[in-house]
Amino acid sequence: MENEFNKQLYSFELGEHRGKKVIWIRFPYTLEAKNHLRDYVKVKWSNTQKSWYAPDVPTYRKLFGLQTSKPKLSKEVMIKIHPINQTEIDRYISQMILKGYSPSTIRTYSLEFAQLLYLLKDFPVNKLSPEKLKSYFLYCAKELKLSENQIHSRINAIKFYYEKVLHNEKMFLNIPRPKKHLILPKTLSMQEIKRLFRVTKNPKHLLMLKLCYGMGLRVSEIVNLKVSDIDSDRMQVLIQRAKGKKDRYVNLPKSVLESLLEYYKIYKPKEYLFEGQYGGAYAKRSAQAVFKEAMQKAKINKQIGIHGLRHSYATHLLEMGTDISLIQKLLGHNNLKTTLLYTHVSDKNLAKVKSPLDNL
């Protein structure tokens with residue numbers, strides 16, 4: 001098999017087949033071209049269309065050089081926005097793309113900004129005064145009864161428009177933010193972590209959970225981990241383009257070396273350590289489903305997601321006496337205040353205090 005897929009041999013066309021989105025693949029037939037294609041892609045033959053096809057998934061779009069569409073809002077959202085402000089939301093989305101925001105952030109911010117545009121109707125958003133904008137946020141708190149976090153999200157989205165699109169830095173000078181509710185990280189105990197691993201029989205799923213916990217990874221980091229990022233000689237792993245587009249190194253746990261080698265022999269990953277059904281990175285939703293299933297099997301009744309493994313890693317390091325500044329580096333936190341949240345979860349001295357009820 002060649003080192004790289006030669007897309008020049010084929011032509012591609014997006015379409016549908018039996019109610020599912022597919023990519024049609026056409027080429028002058030030769031046995032070499034067919035085998036080359038099947039080495040890289042899980043293709044099927046359509047007798048009706050007389051063509052090979054593959055599922056329309058991001059992995060194959062990337063492989064074939066097909067551009068994914070520019071993030072945009074649905075017709076249902078856009079139809080509620082007056083034409084006078086539709087140009088502004090297009091400018092808004094374009095600016096976020098230029099700044100390299102992720103598709104999920106673009107969607108979240110755009111939907112928050114759209115809420116303001118619905119209310120303005122035919123009033124131009126770029127003509128809004130600071131006083132009117134302040135009144136809008138008061139309306140969000142008093143009438144819509146949005147939570148503190150929801151208001152913060154909406155402020156951030158609208159602030160981006162005025163400061164990064166219109167370059168109006170003064171718009172938010174006198175707009176206060178609600179005080180944030182201190183939400184402590186949800187964690188699992190070491191005993192619960194052991195139970196979680198004990199019930200996970202699939203070697204791929206088990207290694208994924210172990211690395212999430214053992215290196216304190218976000219779900220986006222575990223699914224984007226590449227084979228080439230693992231340096232077993234130095235016992236380090238490079239986490240590339242993590243949150244905030246920063247690289248960092250974390251320590252590879254010695255206890256996973258043997259299972260990592262066994263996993264590699266069985267699954268033979270090509271690029272990403274954990275690959276999906278059609279190659280490419282494992283889906284975040286699939287990783288979250290793996291954790292949820294393990295929680296159910298282990299009979300752990302806590303409202304916690306896979307991110308809880310990262311929280312548990314930090315909390316357990318703190319309980320083992322690890323310096324908080326080292327934990328900050330391993331987690332990739334910009335601000336030490338974020339890491340200091342774990343001191344509220346792990347306070348050994350506080351745990352030693354007995355309730356007077358126990359002395360009665």
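Of the helices (runs of 4 or more DSSP H) that lie entirely inside segment 82-146, those containing 2 or more residues that are in contact (Cβ under 8 Å) with a residue 24 or more places away in the chain, farther than 19 Å from Ile175 by Cβ and among the hydrophobic types (A, V, I, L, M, F, W, C) span 83-98, 103-120.
Per-residue answers, yes or no, for (1) among the hydrophobic types (A, V, I, L, M, F, W, C); (2) assigned to a helix (DSSP H, G or I); (3) surrounded by fewer than 17 Cβ atoms within 10 Å (Cβ to Cβ); (4) not assigned by TED's automatic domain parsing to the domain that holds Lys299:
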| site | (1), (2), (3), (4) |
| --- | --- |
| Ile158 | yes, yes, no, yes |
| Glu163 | no, yes, yes, yes |
| Lys180 | no, no, yes, yes |
| Leu184 | yes, no, yes, yes |
| Leu196 | yes, yes, no, no |
| Leu207 | yes, yes, no, no |
| Cys212 | yes, yes, no, no |
| Leu217 | yes, no, no, no |
| Ile222 | yes, yes, no, no |
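Residue by residue, here is whether (1) outside any loop (DSSP other than H, G, I, E, B); (2) within 27 Å of Lys284 (Cβ to Cβ); (3) in contact (Cβ under 8 Å) with a residue 12 or more places away in the chain holds:
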{"site": "Phe12", "(1), (2), (3)": "yes, yes, yes"}
{"site": "Glu16", "(1), (2), (3)": "yes, yes, no"}
{"site": "Val22", "(1), (2), (3)": "yes, yes, yes"}
{"site": "Arg38", "(1), (2), (3)": "yes, no, no"}
{"site": "Lys42", "(1), (2), (3)": "no, yes, yes"}
{"site": "Trp45", "(1), (2), (3)": "yes, no, no"}
{"site": "Thr59", "(1), (2), (3)": "yes, yes, yes"}
{"site": "Leu63", "(1), (2), (3)": "yes, yes, yes"}
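Scanning segment 176-216 for residues that are modelled with pLDDT under 90 and among the hydrophobic types (A, V, I, L, M, F, W, C) gives Leu182, Ile183, Leu184.
The criterion of at least 3 residues that are under 16 Å from the mean Cα position of the chain (by Cα) and not hydrophobic (A, V, I, L, M, F, W, C) is met, among helices (runs of 4 or more DSSP H) falling completely within segment 242-322, by 284-297, 307-319. No other residue among Lys354, Lys348, Lys337, Lys299 is exposed (fewer than 13 other Cβ atoms within 10 Å of the Cβ) and modelled with pLDDT of 95 or more apart from Lys299. Right, Val165: in contact (Cβ under 8 Å) with a residue 60 or more places away in the chain and among the β-branched types (Val, Ile, Thr) or not? Yes. Condition test on Lys337, is it farther than 25 Å from Asn224 by Cα, assigned to a helix (DSSP H, G or I) and among the basic types (Lys, Arg)? Yes, satisfied. From the list Ser46, Ser102, Ser11, the lone residue that is outside the structural domain of Ala242 (by TED's automatic domain parsing), within 20 Å of the chain's Cα centre (by Cα) and small (Gly, Ala, Ser) is Ser102.
The values are calculated or read from the model by the stated rules, or taken from the named source; none is laboratory data. Model, not experiment: these values are computed from the prediction. When we count neighbours, we look across all protein chains shown, and the Cβ atoms used for this are built from the backbone with ideal geometry, even at glycine.
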